[in-house]
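Here the structure comes first, spelled out in structure tokens, and everything after it is commentary.
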Amino acid sequence: MFTTKNKSSIKKYGMKKIINPWKNMEGYNCFGCSPDNEAGVRMEFYEDGDEVVSIWKPRPEYQGWLNTLHGGIQSVLLDEICGWVVFRKLQTSKMETRFRKSISTNDTHVVLRASLREQKRNIAIIEARLYNSMGELCTEATCTYFTFPQEKAEKEMCFHHCDVEPDEIL
């Protein structure tokens, strides 16, 4: 559960936690979302209407310059949340990232929000934004994904469904 004094970038009401369908799968060690990867960023995701949201705590081991969150980690966070939009709402071929403001590794948390901007046939375009704890836009990305039929997702990625918990976050 997360808390913050400045709720401008967090809309808690109506959000539901997305259940990670691979959580207990043997060999699952995703850098972005595995809860058991000690070196990973261990992201969790929530559904808030059309958006997928993640609240993440920067840590000093992920810094680039002194007390500044590494741009590569920011890209990982944005790429991961875009992937979860595809899992929950509908595979990355392209990612464009704009770094607007540095993020302190001493910040209490960052908020990521992503949503489907456009879908044409098997191509999905996802927009993602990363905010600091003050609600300031720091980094944004546009990811282009190729989607594929449910049968292929089940067979090749062991992806069967992506549900949310029944209770809303209050």
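Only one of (1) part of a loop (DSSP other than H, G, I, E, B); (2) aliphatic (A, V, I, L, M); (3) at pLDDT 85 or above fails for Ile10. Which number is that?
Ile10 satisfies every listed condition except (3).
Tally the residues that are modelled with pLDDT of 75 or more and assigned to a loop (DSSP other than H, G, I, E, B), restricting the search to region 133-168.
9
For region 12-40, which residues satisfy the criterion of being touching a Leu at 6+ places or on another chain (Cβ under 8 Å) and either closer than 21 Å to Tyr62 by Cβ or surrounded by fewer than 16 Cβ atoms within 10 Å (Cβ to Cβ) (or both)?
Listed by number, the residues that qualify are Tyr13, Gly32.
Hey, Gly27 hits all of (1) over 15 Å from Ile81 (Cβ atoms); (2) touching a Cys at 6+ places or on another chain (Cβ under 9 Å) but one; which does it fall short on?
Against the list (1) over 15 Å from Ile81 (Cβ atoms); (2) touching a Cys at 6+ places or on another chain (Cβ under 9 Å), Gly27 comes up short only on (2).
Just to be sure, is Ser104 of a type in the set (S, T, N, Q) and under 25 Å from Lys16 (Cα atoms)?
Criteria not met by Ser104.
Looking at region 48-84, which of its residues are open to solvent by 30 Å² or more (accessible area, probe 1.4 Å), farther than 16 Å from Cys143 by Cα and within 16 Å of the chain's Cα centre (by Cα)?
Result: Gly49, Asp50, Ile55, Lys57.
Which of the residues spanning region 97-123 are touching a helix residue (DSSP H, G or I) at 6+ places or on another chain (Cβ under 6 Å), of a type outside the set (Ser, Thr, Tyr) and either open to solvent by less than 50 Å² (accessible area, probe 1.4 Å) or at pLDDT below 90 (or both)?
Hits for region 97-123 are Leu112, Ala114.
The values are calculated or read from the model by the stated rules, or taken from the named source; none is laboratory data. Note that this is a predicted model, so its numbers are computed, not measured. Neighbour counts run over all protein chains shown; Cβ positions are idealised from the backbone, glycine included. For accessibility, only protein heavy atoms count, side chains too; no ligands or nucleic acids. Shrake-Rupley method; radii C 1.70, N 1.55, O 1.52, S 1.80 Å.
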